[in-house]
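Undergrad: Sharing a structure here in C-alpha cells format.
Just so it is clear, none of the values below were taken in a lab; they were calculated from the coordinates. Source: prediction; values computed, not measured. Positions of Cβ are generated from backbone atoms using ideal geometry, with glycine treated the same way; all protein chains shown enter the neighbour counts.
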Amino acid sequence: MRGMTILDFEKTDPFFRNELLQQPEGRLFTACLACRTCSAGCPIRAVDNRFDPARIIRMGVYGFRDEILESDFLWLCSGCYTCQESCPQGVRITELMTLLKNTAVQAGHMPTGIRAQQDVVRKEGRIYPLDDFDSKKRKKAGLPVLPTHCDIAEQLFP
C-alpha cells in the first residue's frame with residue numbers, strides 16, 4: 001500500500017500494550033475485532049491513507065511504541081469521533097488517539113506545527129490570540145469585551 005511501511009516485529013515493546021490498557025482512554029482498545037469499520041468511515045483516511053485507525057490500534061496491540069509515537073500520521077486525526085461512533089465493539093478510538101498524542105508529546109515527539117501552537121497557547125493563553133483590535137470591533141458591535149490574556153495558561157505551561 002502506498003504510504004505504508006512494513007513493520008518489524010523485532011522492534012516491539014511488550015510493555016506498551018499494558019501501558020495503554022492502564023489508561024482510561026486505552027482500556028478497551030484490545031476489544032477491536034479489526035473489522036475496519038473505523039477506517040472505512042474515517043474522513044481523514046479518505047484523503048490520506050497514512051492515517052488508518054484500525055492499523056494504529058493493531059500497532060498498539062502488538063507494541064509498536066516508537067512507530068506510533070514518532071509518526072506523523074498520528075497527528076492527522078481530527079478528533080471527529082466518526083470512528084468511535086461507528087465501532088461495533090465500543091472501542092474509544094478518538095480517546096485512544098488523544099492518549100497516543102499525549103504520550104508522544106511526553107516522549108518528546110511533536111510535529112513542528114503542534115509545537116508552534118503550544119508556544120502560542122503558552123504565551124497568549126489561547127490558540128487564536130485576541131488583541132485590542134478585536135476588543136474594539138466587539139465593543140463597536142455591542143458585544144462584551146473579552147480578556148486578551150488567559151492567565152490559566154501560565155499555570156498549565158510553567
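Undergrad: Test of understanding: in a Gaussian network model of the chain with alpha carbons linked when under 10 Å, which of Arg122, Arg45, Arg27 would top the mean-square fluctuation ranking?
TA: Highest fluctuation among the options: Arg122.
Undergrad: With springs connecting C-alpha atoms under 10 Å apart, model the chain as a Gaussian network and identify which of Lys101, Lys139, Lys11 has the largest mean-square fluctuation.
TA: Highest fluctuation of the listed residues: Lys139.
Undergrad: If I fit a long axis through the Cα atoms of helix 112-124 and take the longest principal axis of the Cα atoms of the chain, what angle between them do I get, 0 to 90°, rounded to 10?
TA: Compared with the principal axis, the helix lies near 30 degrees.
Undergrad: Using a basic spin-label model with each label point 7 Å from the Cα along Cα→Cβ, how many nm lie between Ser86 and Phe9?
TA: Each label point is offset 7 Å from its Cα along the Cβ direction, giving 2.9 nm.
Undergrad: Compare the peptides 111-119, 29-37, 140-148 by average per-residue count of other Cβ atoms within 10 angstrom and give them in order, highest first. Could the numbers behind the result be given before it?
TA: Numbers: 111-119: 11.3, 29-37: 16.0, 140-148: 9.4.
The peptides rank, most packed first, as 29-37, 111-119, 140-148.
Undergrad: Please say if region 1-113 is rounded, prolate or oblate, where rounded means a/c under 1.5 for a ≥ b ≥ c the square roots of the C-alpha gyration tensor eigenvalues, and otherwise the choice is prolate for a/b larger than b/c and oblate otherwise?
TA: Rounded, since a/c falls under 1.5.
Undergrad: Using just the helices of the chain, give the 222 nm mean residue ellipticity in deg cm²/dmol: DSSP H runs with n ≥ 4 each add -39,500 (n - 2.57), and the total is spread over all residues, rounded to 500.
TA: Rounded to the nearest 500, the figure is -13000 deg cm²/dmol.
Undergrad: Distance in nm between label sites at Gln106 and Arg126, each 7 Å beyond Cα in the beta-carbon direction?
TA: So the two model labels end up 3.0 nm from each other.
Undergrad: Would you mind getting me the FRET efficiency between Tyr62 and Ala116? Use the beta-carbon distance for r and R0 = 30 Å, nearest 0.05.
TA: With R0 = 30 Å, the Cβ-Cβ based efficiency is 0.40.
Undergrad: Another question about this same structure. Specify the residue with the greatest mean-square fluctuation among Val91, Val121, Val61, computed from a Gaussian network of the chain linking alpha-carbon atoms under 10 Å apart.
TA: So, out of Val91, Val121, Val61, the one fluctuating most is Val121.
Undergrad: Under 17 Å from the Cα of Lys140, which aspartates and glutamates turn up, not counting those fewer than eight places away in the same chain?
TA: Asp131, Asp132
Undergrad: Compute the long axis of helix 53-62 from its Cα atoms, compare it with the longest principal axis of the Cα atoms of the chain, and write down the angle in degrees, 0 to 90, nearest 10.
TA: 60 degrees
Undergrad: Fully extended, how many nm does the chain gain between Asn18 and Ile152 (0.36 nm per residue separation, minus their Cα-Cα distance)?
TA: Numbers: separation 134, 0.36 × 134 = 48.24 nm, distance 3.34 nm.
Taking Asn18 through Ile152 to full extension adds about 44.9 nm, to one decimal.
Undergrad: Give me the lysines in straight-line cross-link reach of Lys136: C-alpha distance below 23 Å, same-chain residues under 8 apart excluded.
TA: Lys123
Undergrad: Further, regarding this structure: Expressed as an acute angle from 0 to 90° and rounded to the nearest 10, what is the orientation of the C-alpha long axis of helix 93-106 relative to the principal long axis of the chain?
TA: Helix 93-106 and the main axis of the chain meet at about 80 degrees.
Undergrad: At 0.36 nm per residue, and after removing the present C-alpha to C-alpha distance, how many nm does the segment from Ser78 to Val47 gain when stretched out fully?
TA: Details: separation 31, 0.36 × 31 = 11.16 nm, distance 1.24 nm.
Result for the pair: 9.9 nm of gain on full extension.
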